[in-house]
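A.B. asks: I'd like to ask some things about the structure below.
The values are calculated or read from the model by the stated rules, or taken from the named source; none is laboratory data. Just so it is clear, the model here is predicted, and its values are computed rather than measured. Here the Cβ positions follow ideal geometry from the backbone for every residue, glycine too, while neighbour counts run over all protein chains shown.
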Amino acid sequence: MIFPQTPVQIIEFAAMIGLFVLGLSQAVQPGMWMKYYDSLQERGEKGIVTAAGGMNLWLGIGIVSMHQVWSGAGLFLTIYGWALLAKSAVTLIVPQIGAFGPGWVRFEKKRNYVVSGLMLIAISLTAAAALYL
């Protein structure tokens, strides 16, 4: 199979490409991502809606709605989707304990963005394994 045929395969294919590109970008351009997240935090509630509602919520919904794989390599993508959905919901409903409240994790060092990028690459590779192996 070269191209995805089912909804599960479509999500795995999209994650394989999208998360790899995002992860590689974070790994090789950590300063850019640090500035981006700092600018979101400076925007306050508007930044919350942009990060949690505009990006993470919809990605989480997309994964969760079409990728309920609870075994093998696909498990990691399913867990990632549920984690994104949960994080976004908490951030939008109770922002003081969500992303920009006391629980906000702000990476102070560029290497943390590199590690985050490598984790996204790892998830993309598990999606590729689920799809092609």
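A.B. asks: In the stretch 37-64, what residues are exposed (fewer than 14 other Cβ atoms within 10 Å of the Cβ), part of a helix (DSSP H, G or I) and over 15 Å from the mean Cα position of the chain (by Cα)?
C.D. replies: Listed by number, the residues that qualify are 38, 39, 42, 45, 46.
A.B. asks: Hey, another quick one. On the phi > 0 side of the Ramachandran plot and in contact (Cβ under 8 Å) with a residue 40 or more places away in the chain - does that describe any residue in the stretch 34-51?
C.D. replies: yes
A.B. asks: Going by the conditions given, is residue 28 modelled with pLDDT under 90, over 14 Å from the mean Cα position of the chain (by Cα), of a type outside the set (S, T, N, Q) and surrounded by fewer than 19 Cβ atoms within 10 Å (Cβ to Cβ)?
C.D. replies: When the stated conditions are applied, residue 28 does not pass them.
A.B. asks: When you check residue 87 against the structure, is it outside any loop (DSSP other than H, G, I, E, B) and farther than 19 Å from residue 18 by Cβ, yes or no?
C.D. replies: No.
A.B. asks: Report every pair of residues separated by at least 6 positions or lying on different chains whose Cβ atoms are under 8 Å apart, first residue within the stretch 91-120 and closer than 10 Å to residue 27 by Cβ, second of a type in the set (Ser, Thr, Tyr) and at pLDDT 75 or above.
C.D. replies: Correct list of pairs: 117/25.
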